[in-house]
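The values are calculated or read from the model by the stated rules, or taken from the named source; none is laboratory data. Treat the numbers as computed from the prediction; the structure is a model and nothing was measured. When we count neighbours, we look across all protein chains shown, and the Cβ atoms used for this are built from the backbone with ideal geometry, even at glycine.
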Amino acid sequence: SIRGDPDVASAVAAIRSLLEFLRRDQSETILGLRENMTQAIRRLEETDSSVAVSSGGELFLRFISLTSLEHPDLSQCKNVMIERGELFLKKISLSRGKVGKLCHTFIKDGAKILTHSSSRVVLKVLENAAADNKRFTVYVTESQPDSAGKRMAQKLRKLNIPVMVVLDAAVGYIMEKVDLVIVGAEGVVESGGVINKIGTYQMAVCSKAHNKPFYVVAESFKFVRLYPLNQQDVPDRFKYTADILKTVKDLNQEHPMIDYTPPSLITLLFTDLGVLTPSAVSDELIKLYL
Amino acid sequence: MADSVGRQVDSINHATEEDEKKHEIIGAKGEGKELTKEEKQRLRKEKKQHKKNKKDDRGPPEKEKEKEKASVPAPSKPATQSPAHKAAPVPVNASASESPVAAEKPAKSKAELRAERRARQDSERASKQGKKEGGQQSTSSKPKATPNELQPVVKRLPDHVQVDDPVALKKLAKKLERQQVPLRSDYGYKVSLFSHLHQYSRKNPPTQQISIPVTVIHPSIVRLGLQYSQGIIAGSNARSVALLHAFKQVIQDYSTPPNEELSRDLVNKLSPYISFLSQCRPLSASMGNAIKYIKKEISNIPSQCKEEEAKRILQECIDSYINEKIILASEAISKYAIEKISDGDVILVYGCSSLVNHILCEAFEKQRKFRVIVVDSRPRLEGREALRRLVKKGIRCTYVLISALSYILPEVSKVFLGAHALLANGYVMSRVGTSQIALVAKAYNVPVLVCCETYKFCERVQTDSFVSNELDDPDDLIVTRNGKTHLENWQTVKSLGLLNLVYDVTPPDFVDLVITDLGMIPCTSVPVVLRVKNVDQ
């Protein structure tokens, strides 16, 4: 079901299934319920090891339990939690739209945009900008090994946006032509940096060298409580897909699927909580998690 | 003896005015009776009117406005703040006119001064009775008017960074004389950039100037002051803990005088101790926060509380503060920090930070495989102490001096630094040399982690190491090698200054991560933590 609907983020699907799990859960105590939920989240992470699933799951758990659960009857508590869960789901389904609305004003008429790999949020932003009758060109990197960039290009062509696919190695070459860079994110970390498809860090360094603004668009459920110091510090369970983690013994032979972009290279982050600078992300995280 | 103490307490209690006359008058008036805030303000306004009439040639309206500006924030400040904590804009001519008056005062004896003041206040009281009825209307409307005029709050410079300002020095001297705390004199030629800071010699501790038995200052505070000034107790945590223990002893031995409330009197008793300690060695940010906490706790003691009960509460408060903010905080910080230490790491530490040493020992116990490089610098050579502690645990260590930093840094995978204080703009204040380490580490792309408990966060903002720092004994820089002591007679060379800085500030761009007991935060999030903490309180 996670790979079923192409338009829904995997994290949203995960949360939907968690909600369903909550409805069907048979445990007798709240503690038991929480344990089952954490186990369920862990199972989901094993199937799809993206950062967003893990962060979404944790935020979901926090959100539903962040209410007074002093009712004597367990089923009442469960109903409260299910209500909150549905509220959470509704909020995050709307988040992509909010981000799109915020970001498209930063795209000026005649702009040349560079983006990396396939991101549904970036697609939504570009959709909104096109609907606003703006003319712009998009360059997409191929993003090997899964050629996700080509799929992005197809979707953009359907929206009648002029698009060109470039090699991953051509990022430095194309940087002088573009006006701004917009990428999505799989996870936003505490320092204000982002975790995204491999190749994002390269693009960020190039854009910094050329003084082009580097924008990241992400929904708020992607905020995760990690603080990597460098590329090595990102936990292995995020770097490789779940199947590889299970089957392969020596991870040094495998190529990681994500990399970490430090906050010093990012100009602005567009989230459903607003337009943030990287240092403001930590403030928002403190509010979300504490 | 008790009378003079009582008089002091009264005078400290009731105003922070620069004019001794004012608080002596109010003090004499309110023997045993507390003046209300409005009455105090009214008295001040009337005295100002009085002064204005005297000094007509100095442009009265401008002076009055500035005086009101200075006095309106004054009632809101705790009475224990020194008169030296005044805005620089408070007209120098006003204080200049008083300083010749003040200068002749020490020449007269105390009894004569008191008699003079009594005569003066009698005459003023007579004139006041006439003014009171007429003045009441205008003065009651004035306090309402002035807060509206006061747009920016007038900032007061602390007296320890105004050493080259003779006015501030005189105020400090007066205040210390009033509190019967000995004034320490500066030693040696000061480098011009730092001439606004104190520079003391370790050979003349202020304890030499006090007679034994000491009347005003509690013996445990005297001992503490000596330990600070001689460097026996050094390090932010150690100094705070020692301070709190000494305060516990003070509270234990304290007995409320009759007609006084414990919550008010104890706070006033503490201020001469604090002045004495800051004469021995300038207070650290952590000590400042601890003192603020204690004062708050003391003033929150309900008035109907019995003395024994109140003392017990205060002792418990202090114990819980030490336990929560220092001991448990270091446990929490070690927990987070150990996540960041991976096997095969080469960790660089600088100087001796109790927190960083604790983290490394804990990580070693949890079977992490790493080795440590200890960087040290003269003249304190604190790294040797850190080295001793780590080697005792069995951790593999290397020892270098700070001049070899760029040689050793390519081997290093992480840098762990302790902090003396974290400022509100994200700058890290720590032992001198820390910012150099952070700078070179940044150049080599090595992550820099600062470990700091939240009680060391302070609201100050500083962007450079000059404006507020500490100058240590310059004689420490003299070293004897091969039987020759080169700088022995440095004082005879007129153009030579020895500079022994203690602290420096590191900008947040060089720091990758700050580990606090609340979690791992970027350096720029310090104001958020301060905000959260204020909300909690």
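Of the residues that make up the stretch B:264-273, is at least one farther than 30 Å from B:Tyr399 by Cα and in contact with a strand residue (DSSP E or B) (Cβ under 9 Å, 6 or more places away or on another chain)?
Here is the first cut: in the stretch B:264-273, the residues farther than 30 Å from B:Tyr399 by Cα are B:264-273.
In the following step, the residues that additionally are in contact with a strand residue (DSSP E or B) (Cβ under 9 Å, 6 or more places away or on another chain) were identified as none.
Checked the stretch B:264-273: no residue is farther than 30 Å from B:Tyr399 by Cα and in contact with a strand residue (DSSP E or B) (Cβ under 9 Å, 6 or more places away or on another chain).
What number of residues within the stretch B:377-421 satisfy the criterion of being within 21 Å of B:Val448 (Cβ to Cβ) and of a type in the set (Asp, Glu)?
Count: 2.
Mind checking which pairs have a first residue in the stretch B:279-303 that is closer than 14 Å to B:Tyr321 by Cα and a second that is buried (at least 20 other Cβ atoms within 10 Å of the Cβ) and of a type in the set (Gly, Ala, Ser), Cβ under 6 Å, 6 or more apart or different chains?
B:Ser286/B:Ser236; B:Ser286/B:Ser240; B:Met287/B:Ser240; B:Ala290/B:Ser240
Check the stretch B:366-388 and report whether any residue there is within 22 Å of A:Pro262 (Cβ to Cβ) and more than 14 Å from chain A (Cβ to nearest Cβ). Give the derivation first.
So in the stretch B:366-388, the residues within 22 Å of A:Pro262 (Cβ to Cβ) come out as none.
Checked against the condition, which is being within 22 Å of A:Pro262 (Cβ to Cβ) and more than 14 Å from chain A (Cβ to nearest Cβ), the stretch B:366-388 yields no hits at all.
Here are some conditions: (1) closer than 18 Å to B:Asp517 by Cβ; (2) within 14 Å of another protein chain (Cβ to nearest Cβ); (3) not aromatic (Phe, Trp, Tyr). B:Val415 meets all but one. Which one does it not meet?
Of everything listed in (1) closer than 18 Å to B:Asp517 by Cβ; (2) within 14 Å of another protein chain (Cβ to nearest Cβ); (3) not aromatic (Phe, Trp, Tyr), B:Val415 misses just condition (1).
For B:Gln367, which of the numbered conditions (1) modelled with pLDDT under 95; (2) outside any loop (DSSP other than H, G, I, E, B) fails to hold?
For B:Gln367, the failing item is (2).
Quickly run through the stretch A:237-290 and pick out the residues that are under 30 Å from A:Leu66 (Cα atoms) and more than 10 Å from chain B (Cβ to nearest Cβ). Spell out the reasoning first.
If we filter the stretch A:237-290 for residues that are under 30 Å from A:Leu66 (Cα atoms), which is where we start, we get A:237-238, A:263, A:268-290.
Residues satisfying the conditions are A:Arg237, A:Phe238, A:Leu268, A:Leu269, A:Phe270, A:Thr271, A:Asp272, A:Leu273, A:Gly274, A:Val275, A:Leu276, A:Leu288.
Conditions (1) under 26 Å from the mean Cα position of the chain (by Cα); (2) within 14 Å of another protein chain (Cβ to nearest Cβ), marked per residue:
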{"position": "B:Pro474", "(1), (2)": "yes, no"}
{"position": "B:Thr480", "(1), (2)": "no, no"}
{"position": "B:Gly483", "(1), (2)": "no, no"}
{"position": "B:Glu488", "(1), (2)": "no, no"}
{"position": "B:Leu499", "(1), (2)": "yes, no"}
{"position": "B:Tyr503", "(1), (2)": "yes, no"}
{"position": "B:Thr506", "(1), (2)": "yes, no"}
{"position": "B:Asp509", "(1), (2)": "no, yes"}
{"position": "B:Thr524", "(1), (2)": "yes, yes"}
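Looking at the stretch A:141-199 only, could you name the residues that are among the charged types (D, E, K, R), assigned to a loop (DSSP other than H, G, I, E, B) and either within 14 Å of chain B (Cβ to nearest Cβ) or free of Cβ contacts under 8 Å to residues at least 60 places away in the same chain (or both)?
A:Glu142, A:Asp146, A:Glu176, A:Glu190
Does B:Ile347 fit the bill of being touching a strand residue (DSSP E or B) at 6+ places or on another chain (Cβ under 6 Å), of a type outside the set (Asp, Glu), surrounded by 19 or more Cβ atoms within 10 Å (Cβ to Cβ) and away from chain A (no Cβ under 14 Å)?
On the way: touching a strand residue (DSSP E or B) at 6+ places or on another chain (Cβ under 6 Å): yes; of a type outside the set (Asp, Glu): yes; surrounded by 19 or more Cβ atoms within 10 Å (Cβ to Cβ): yes; away from chain A (no Cβ under 14 Å): no.
It is false that B:Ile347 is touching a strand residue (DSSP E or B) at 6+ places or on another chain (Cβ under 6 Å), of a type outside the set (Asp, Glu), surrounded by 19 or more Cβ atoms within 10 Å (Cβ to Cβ) and away from chain A (no Cβ under 14 Å).
Kindly indicate which of B:Thr516, B:Thr524 is of a type in the set (S, T, N, Q), crowded, with 16+ Cβ neighbours inside 10 Å, touching a Phe, Trp or Tyr at 6+ places or on another chain (Cβ under 9 Å) and closer than 30 Å to A:Glu284 by Cβ.
Values: B:Thr524 fails: touching a Phe, Trp or Tyr at 6+ places or on another chain (Cβ under 9 Å).
Among B:Thr516, B:Thr524, only B:Thr516 is of a type in the set (S, T, N, Q), crowded, with 16+ Cβ neighbours inside 10 Å, touching a Phe, Trp or Tyr at 6+ places or on another chain (Cβ under 9 Å) and closer than 30 Å to A:Glu284 by Cβ.
Return the residue satisfying two criteria in turn: it lies in the stretch B:141-173 and is under 28 Å from B:Val222 (Cα atoms) and in contact with a Pro (Cβ under 7 Å, 6 or more places away or on another chain), and of such residues it is modelled with the lowest pLDDT.
Residue satisfying both the conditions and the ranking: B:His160.
Quick one: would you say B:Asp476 is in contact with a Pro (Cβ under 7 Å, 6 or more places away or on another chain) and not in a strand (DSSP E or B)?
Values: in contact with a Pro (Cβ under 7 Å, 6 or more places away or on another chain): yes; not in a strand (DSSP E or B): yes.
Taking the combined requirement at face value, the residue satisfies it.
Looking only at the stretch B:298-340, which residues are closer than 20 Å to B:His245 by Cβ and within 14 Å of chain A (Cβ to nearest Cβ)?
Scanning the stretch B:298-340 gives no hits.
Which one of these is touching a Ser or Thr at 6+ places or on another chain (Cβ under 6 Å) and either β-branched (Val, Ile, Thr) or over 28 Å from B:Leu360 (Cα atoms) (or both): B:Glu307, B:Glu316, B:Glu297?
Numbers: B:Glu316 fails: touching a Ser or Thr at 6+ places or on another chain (Cβ under 6 Å); B:Glu297 fails: touching a Ser or Thr at 6+ places or on another chain (Cβ under 6 Å).
One residue alone meets the criteria, B:Glu307.
So, in the stretch A:224-236, of the ones that are touching a Pro at 6+ places or on another chain (Cβ under 9 Å) and crowded, with 18+ Cβ neighbours inside 10 Å, which residue ends up farthest from the other protein chains (Cβ to nearest Cβ)?
Going through the stretch A:224-236, the residues touching a Pro at 6+ places or on another chain (Cβ under 9 Å) turn out to be A:226-231, A:233-236.
Keeping just the survivors that are crowded, with 18+ Cβ neighbours inside 10 Å gives A:226-229, A:234.
Working: A:Leu226: 9, A:Tyr227: 4, A:Pro228: 9, A:Leu229: 4, A:Val234: 12 Å.
Residue satisfying both the conditions and the ranking: A:Val234.
Considering only helices (runs of 4 or more DSSP H) fully contained in the stretch B:217-314, which possess at least 2 residues that are at pLDDT below 85?
Filter on the stretch B:217-314 gives B:262-280.
I'd like to check something: does the stretch B:446-458 contain any residue that is out of contact with any Leu (no Cβ under 6 Å at 6 or more places or on another chain), free of Cβ contacts under 8 Å to residues at least 40 places away in the same chain, in a loop (DSSP other than H, G, I, E, B) and more than 14 Å from chain A (Cβ to nearest Cβ)?
So far as the stretch B:446-458 goes, no, none of its residues is out of contact with any Leu (no Cβ under 6 Å at 6 or more places or on another chain), free of Cβ contacts under 8 Å to residues at least 40 places away in the same chain, in a loop (DSSP other than H, G, I, E, B) and more than 14 Å from chain A (Cβ to nearest Cβ).
Filter the stretch A:192-208 down to residues that are of a type in the set (Gly, Ala, Ser) and at pLDDT below 95 and give me whichever is surrounded by the fewest Cβ atoms within 10 Å (Cβ to Cβ).
So the first thing to find is which residues in the stretch A:192-208 are of a type in the set (Gly, Ala, Ser), and the list is A:192-193, A:199, A:204, A:207.
Next, only the ones that are at pLDDT below 95 stay: A:192-193, A:199.
Values: A:Gly192: 26, A:Gly193: 27, A:Gly199: 21.
Ranking the qualifying residues of the stretch A:192-208, first place goes to A:Gly199.
Right, A:Ala218: buried (at least 17 other Cβ atoms within 10 Å of the Cβ) and within 14 Å of chain B (Cβ to nearest Cβ) or not?
Numbers: buried (at least 17 other Cβ atoms within 10 Å of the Cβ): yes; within 14 Å of chain B (Cβ to nearest Cβ): no.
It is false that A:Ala218 is buried (at least 17 other Cβ atoms within 10 Å of the Cβ) and within 14 Å of chain B (Cβ to nearest Cβ).
Just to check your reading of the model, which residue among B:Val391, B:Val461 is under 23 Å from B:Tyr293 (Cα atoms) and either assigned to a helix (DSSP H, G or I) or away from every other protein chain (no Cβ under 14 Å) (or both)? Show your work before the answer.
Working: B:Val391 fails: under 23 Å from B:Tyr293 (Cα atoms).
Step by step, each of B:Val391, B:Val461 is checked, and only B:Val461 is under 23 Å from B:Tyr293 (Cα atoms) and either assigned to a helix (DSSP H, G or I) or away from every other protein chain (no Cβ under 14 Å) (or both).
Here are the criteria: (1) under 22 Å from the mean Cα position of the chain (by Cα); (2) more than 14 Å from chain A (Cβ to nearest Cβ). Tell me which single one B:Asn425 does not satisfy.
Tallying (1) under 22 Å from the mean Cα position of the chain (by Cα); (2) more than 14 Å from chain A (Cβ to nearest Cβ), B:Asn425 fails exactly one: (2).
Results for (1) of a type in the set (D, E, K, R); (2) within 12 Å of B:Gly426 (Cβ to Cβ); (3) touching a residue at least 12 places away in the same chain (Cβ under 8 Å); (4) within 14 Å of chain A (Cβ to nearest Cβ), shown as yes or no for each residue.
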residue	(1), (2), (3), (4)
B:Glu470	yes, no, yes, no
B:Leu477	no, no, yes, no
B:Val514	no, yes, yes, yes
B:Leu518	no, no, yes, yes
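Among helices (runs of 4 or more DSSP H) lying entirely in the stretch A:200-290, which contain 3 or more residues that are of a type in the set (Gly, Ala, Ser) and free of Cβ contacts under 8 Å to residues at least 40 places away in the same chain? Talk me through it step by step, then tell me what you get.
Values: elements: A:200-209, A:236-239, A:242-247, A:278-289.
Of the helices (runs of 4 or more DSSP H) lying wholly inside the stretch A:200-290, none has at least 3 residues that are of a type in the set (Gly, Ala, Ser) and free of Cβ contacts under 8 Å to residues at least 40 places away in the same chain.
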